[in-house]
Amino acid sequence: MERRELTRRLFPEGIPELWCPLLTHFSAAARPDGERIRRHMEAISGNVRGLLVPGSTGEGWEMTDDDILSVLGIVLDQSAKTGQKVLVGILKTELSAILRSIQIITSRLIERTGSPSADEALERSGVAGFTVCPPSGASIGQDEMRESLAELLRLGHPTALYQLPQVTKNEMSPDTVASLAREFPNFILFKDTSGGDAVARSGKDFGDLFFVRGAEGAYHRHTRLGGGAYDGFLLSTANSFPGELGAVLSLLRAGEAERAARLAEDVAEIVTELFSAVSEFTTGNPFANANKAFDHIRAWGSRWKEHEPPLLYSGVRLPDRFLERAAGLLAAKGFPSEGYMLR
């Protein structure tokens, strides 16, 4: 099946322009809070039509396969109602571990749906495919990286490749990505969180591969609507700023570049400030921690102090000082915090 035909089947309304690596809310250490996850998904669903579960922001690097299956079950039950598309994140550092996780998850989805094949089970579940990174290691060359990724793509499942040098300590080159795109039509999406944008800006022929940017900042300049090289975004902050980021894209589509730039700059300013503040906290990761702080304020509105701070995967609660900072930053920009959990 050609990539265009495959993506049309997986995304009848087109691949979403705005995705997020969904936050994982917990009720105890490593125990997902189903009701909180469902309410969060519903709150962002008007603008965020694609979800990566779990991504780095969902604390996926810390999760076992059983953890992933637990979160995925909650998300897929809710996405059947919201219509959001789901990419399953397999955040592992070794090829053998990635292959094992894919096998475990596809087997569970076959059981869940009663489907005769893995791909039919994915489709019936509302899963658009798997997201994988290259095996980790600064010494891995492009040939080795390409062969490892080719082995994953030979499984035949719809697949997104994730450029995340902050974790893997390496980067897929433009030639590697272009070669894989030519050979494997089931390679449907490329996410780049490097901030360097070397692949998207290389000028190589990637066919009709869909490009999403995962690095924060300058949101108005990086999509094709704003003269950039990306088809959309897969951003941690879409958990917390779905309306604002959705509005940036809508304004660009309407030709209102100046308004889009002002809004994008406001979001980027407060995101940068809180990301910098949470970097001092060594538990968890800053993507999850900053977004959990913003989300807590947006979930509970003016009553946020009446609710315990959000839990991280480890069971540690986010310190109050980060919630105070998030509340102040949102108020300073006049961003609404109406409290979606209070509706």
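Multiplying the residue separation of R9 and K305 by 0.36 nm and subtracting their alpha-carbon distance yields 102.0 nm.
Under a 10 Å cutoff between Cα atoms, tell me which one of P242, P135, P319 has the largest fluctuation in the Gaussian network model of the chain. The residue that fluctuates most here is P319.
When only alpha carbons are used to place a centre, the range 239-303 and the range 187-226 end up 20 Å from one another. Legend: residue pairs K81/K333; K92/K305; K292/K333; K85/K305, Cα-Cα distance threshold 27 Å; pairs beyond threshold, K81/K333; K92/K305; K85/K305. Placing +1 on the Cβ of every Lys and Arg and -1 on the Cβ of every Asp and Glu, with nothing else charged, gives the chain a dipole about its Cα centre of roughly 600 debye. Protein heavy-atom accessible surface, 1.4 Å probe, per residue over the range 121-170: 35 Å². Taking 0.890 mPa s as the viscosity and 25 °C as the temperature, the Stokes-Einstein diffusion coefficient of the range 1-80 based on its alpha-carbon Kirkwood radius rounds to 181 µm²/s. Take the range 1-90 with all the other protein chains still there, run a 1.4 Å probe, and you get 38 Å² of accessible area per residue.
Distant-in-sequence amide contacts of L23, defined by a placed amide H-H separation under 5 Å and a gap of 5 or more residues or a different chain, comprise nothing. A 1.4 Å probe, protein heavy atoms only, puts the accessible area of V248 near 0 Å². Ranking H222, H296 from most to least accessible surface, computed with a 1.4 Å probe over the protein chains only, gives H222, H296.
Each residue of the range 144-159 is assigned a 3J(HN,Hα), and the resulting list reads 5, 5, 4, 5, 5, 5, 5, 4, 5, 5, 5, 4, x, 6, x, 9 Hz, derived from the Karplus form 6.51 cos²θ - 1.76 cosθ + 1.60 (θ = phi - 60°), x at Gly and Pro.
At a 1.4 Å probe, what is the % contribution of carbon and sulfur to the accessible area of the range 181-230? Please report the intermediate quantities before stating the final value.
Working: 870 of 1950 Å².
Here it works out to 45 percent.
Comparing A128, A160, A331 in a Gaussian network model of the chain, where Cα atoms under 10 Å apart are tied by springs, the biggest mean-square fluctuation is seen for A331.
Top to bottom by accessible area (1.4 Å), largest first, where do F294, F287 land?
On the way: F294 0, F287 65 Å².
Heavy-atom accessible area, descending, gives F287, F294.
When you filter the GluC sites (Glu not before Pro) in the range 1-90 for DSSP loop state and at most 12 other Cβ atoms inside 10 Å of their Cβ, you are left with E2, E13.
Taking only the alpha carbons of the range 124-179, we obtain Rg and Dmax values of 11.9, 40 Å in that order. Size estimate for the range 207-250 follows the Kirkwood approach: the inverse of mean 1/r over distinct Cα pairs works out to 10.6 Å.
Amide H to amide H distances under 5 Å link F233 with L18, W19, R213, where only residues 5 or more positions off or on other chains count and H is placed in the peptide plane. Cross-link partners for K204 among the aspartates and glutamates, with Cα-Cα distance under 14 Å and sequence neighbours closer than 8 places in the same chain left out: D175.
All Cα-Cα distances of the range 46-182, cut into 5 Å bins from zero to the largest, leave 2, 10, 21, 23, 20, 13, 9, 3, 0 percent in each bin in turn. In the complete set of protein chains, residue-level accessible area for D208 is approximately 60 Å², probe 1.4 angstrom. Among A299, A218, A43, whose mean-square fluctuation peaks in a Gaussian network model of the chain (Cα, cutoff 10 Å)? It is A218.
Rounded to the nearest 10 degrees, what's the angle between the helix 174-183 long axis and the longest principal axis of the chain, both from Cα atoms, 0 to 90? Roughly 60 degrees, rounded to the nearest 10. Ordered from largest to smallest accessible area (heavy atoms of protein chains, 1.4 Å probe), the residues K292, K305, K333 come out as K305, K333, K292.
As a length-normalised measure over Cα pairs under 8 Å and 6 or more apart, the relative contact order of the chain settles at 17 percent. Averaging Cα coordinates gives a centre for the range 1-65 and one for the range 146-179; these two points are 20 Å apart. For the range 208-281, the set of GluC sites (Glu not before Pro) satisfying both a DSSP loop assignment and a count of at most 15 other C-beta atoms within 10 Å is given as E256, E280.
Estimated at the nearest 10 Å², the accessible area of R9 is 100 Å² with a 1.4 Å probe.
The values are calculated or read from the model by the stated rules, or taken from the named source; none is laboratory data. Treat the numbers as computed from the prediction; the structure is a model and nothing was measured. Glycine gets a Cβ as well: all are built from the backbone with ideal geometry, and neighbour counts include every protein chain shown. Accessible surface areas use protein heavy atoms only, side chains included; no ligands, DNA or RNA. Shrake-Rupley method; radii C 1.70, N 1.55, O 1.52, S 1.80 Å.
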